[in-house]
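Here the structure comes first, spelled out in structure tokens, and everything after it is commentary.
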Amino acid sequence: MPRQLALYADRILGRIVKGVFHLLRRANPDRSSDICGAITRRIGPWLPAHRIGRANLRAAFPDKDAVWIEATLRDSWENLGRVVGEYVHMARIWDYDPAHPNAGRIVTDSADMFGLLKDDGKPALCFSAHLANWELPAIAAAAHGLPSAVVYRMPNNKAVAREITRIRAPLMGRLIRTRNQAALEMAAALERGEHLGMLVDQHFSRGVDVTFFGRTCKANPSIARLARRFDCPVVGVLVIREPNRRFRIAAEGPFDLPRDAAGDIDVKAATQLVTDVVERWVRENPGQYLWFHRRWR
């Protein structure tokens, strides 16, 4: 009986998400983003995840008072809602035109970096974090003509997963699900000369110990391990949400990763370097970060 109820609830959730996506498609990207952002800003503080976010912010910014923490969390909820509202409009939101780089929603001063990655004849590793609209870096790589692959976590709900895959597939290059064979697929992508992107800022139980905002946590070492094996460029791609519903895409690197006595990339030290970059990004835009997962265990 419990299993039947779970399956029934799963189907209901899938139908609800499909219905919400259908309604959001009927609105333009700006209205969809504004509505969802306003809703989550209002209801987010009442949800259990708000307590996780509050604990995370207190740990990350012990010198900030309660007023700042609650205001930052409301900004974070709004950002999350905007991501949801923008999701079904990704193809319309990405309007970057190299001939007019400051005319649309997407602005970047990193076009030269993308051009270098495209023309150097090498694979590359690109990391990002849950900041602003974190789906955009994967679109940026494909839009700049880089052969690319993206590591992503598939939602448990099959109907939701199908909807998300349908949106992502035409925009983001090869999609690699986080599963047992993902490591082999990631290595194969680099062997084909593709540019592999992944989010690196969440808890990874099988990871290495790093320091994030002064506290120890587990981080995914895949970027460092693959860089050690393939000795390819590693870059960070950051999205910043700007006024008037615009986004700035900023790329950093290639990074000079720490090496051990044998000259090979030091996996733990390199993972710490990547974590330090993400921490700097978050410190610069804390209200655009997704604080609602348990980063420290």
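The values are calculated or read from the model by the stated rules, or taken from the named source; none is laboratory data. Worth saying up front: this structure is predicted, and the values here are computed from it rather than measured. Cβ atoms come from the backbone with ideal geometry, glycine included; neighbour counts cover every protein chain shown.
Here is how the numbers come out for the structure above:
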item: Condition check for Ala141: within 23 Å of Met113 (Cβ to Cβ), buried (at least 19 other Cβ atoms within 10 Å of the Cβ) and in contact with a Gly (Cβ under 8 Å, 6 or more places away or on another chain); result: yes
item: Which listed residue, of Arg92, Arg105, Arg153, Arg166, is more than 17 Å from Cys232 (Cβ to Cβ) and touching a Lys or Arg at 6+ places or on another chain (Cβ under 7 Å); result: Arg105
item: Neighbours by Cβ (under 6 Å, 6+ apart or cross-chain): first from the stretch 91-102, surrounded by 13 or more Cβ atoms within 10 Å (Cβ to Cβ); second assigned to a helix (DSSP H, G or I) and charged (D, E, K, R); result: Ile93/Glu86
item: Single condition Gly207 does not satisfy, out of (1) small (Gly, Ala, Ser); (2) more than 23 Å from Ala59 (Cβ to Cβ); (3) surrounded by 14 or more Cβ atoms within 10 Å (Cβ to Cβ); (4) in contact (Cβ under 8 Å) with a residue 24 or more places away in the chain; result: (2)
item: Residue check for Gly19: at pLDDT below 90 and surrounded by 14 or more Cβ atoms within 10 Å (Cβ to Cβ); result: no
item: Within the stretch 109-123, considering residues that are in a loop (DSSP other than H, G, I, E, B) and among the charged types (D, E, K, R), the one nearest to Ala250 (Cα to Cα); result: Asp109
item: Condition check for Ile240: part of a helix (DSSP H, G or I), in contact (Cβ under 8 Å) with a residue 60 or more places away in the chain, under 16 Å from the mean Cα position of the chain (by Cα) and surrounded by 17 or more Cβ atoms within 10 Å (Cβ to Cβ); result: no
item: Qualifying residues in the stretch 25-58 (those that are of a type in the set (S, T, N, Q) and closer than 24 Å to Ile167 by Cβ) - the one surrounded by the most Cβ atoms within 10 Å (Cβ to Cβ); result: Ser33
item: Checklist (1) crowded, with 21+ Cβ neighbours inside 10 Å; (2) more than 16 Å from Val151 (Cβ to Cβ); (3) without any contact (Cβ under 8 Å) to a residue 40 or more places away in the chain; (4) not basic (Lys, Arg) applied to Ile176, failing item; result: (2)
item: Selection count where residues are more than 28 Å from Glu279 (Cβ to Cβ), assigned to a loop (DSSP other than H, G, I, E, B) and either modelled with pLDDT under 90 or not charged (D, E, K, R) (or both), scope the stretch 174-203; result: 4
item: Sole exception among (1) touching a helix residue (DSSP H, G or I) at 6+ places or on another chain (Cβ under 7 Å); (2) part of a strand (DSSP E or B); (3) not small (Gly, Ala, Ser) for Arg295, by number; result: (2)
item: Residue satisfying all of: in the stretch 91-108; of a type in the set (Gly, Ala, Ser) and part of a loop (DSSP other than H, G, I, E, B); farthest from the chain's Cα centre (by Cα) among these; result: Ala99
item: Residue, nearest to Ala219 (Cα to Cα), within the stretch 137-163, restricted to residues that are out of contact with any helix residue (DSSP H, G or I) (no Cβ under 8 Å at 6 or more places or on another chain) and not in a loop (DSSP other than H, G, I, E, B); result: Pro137
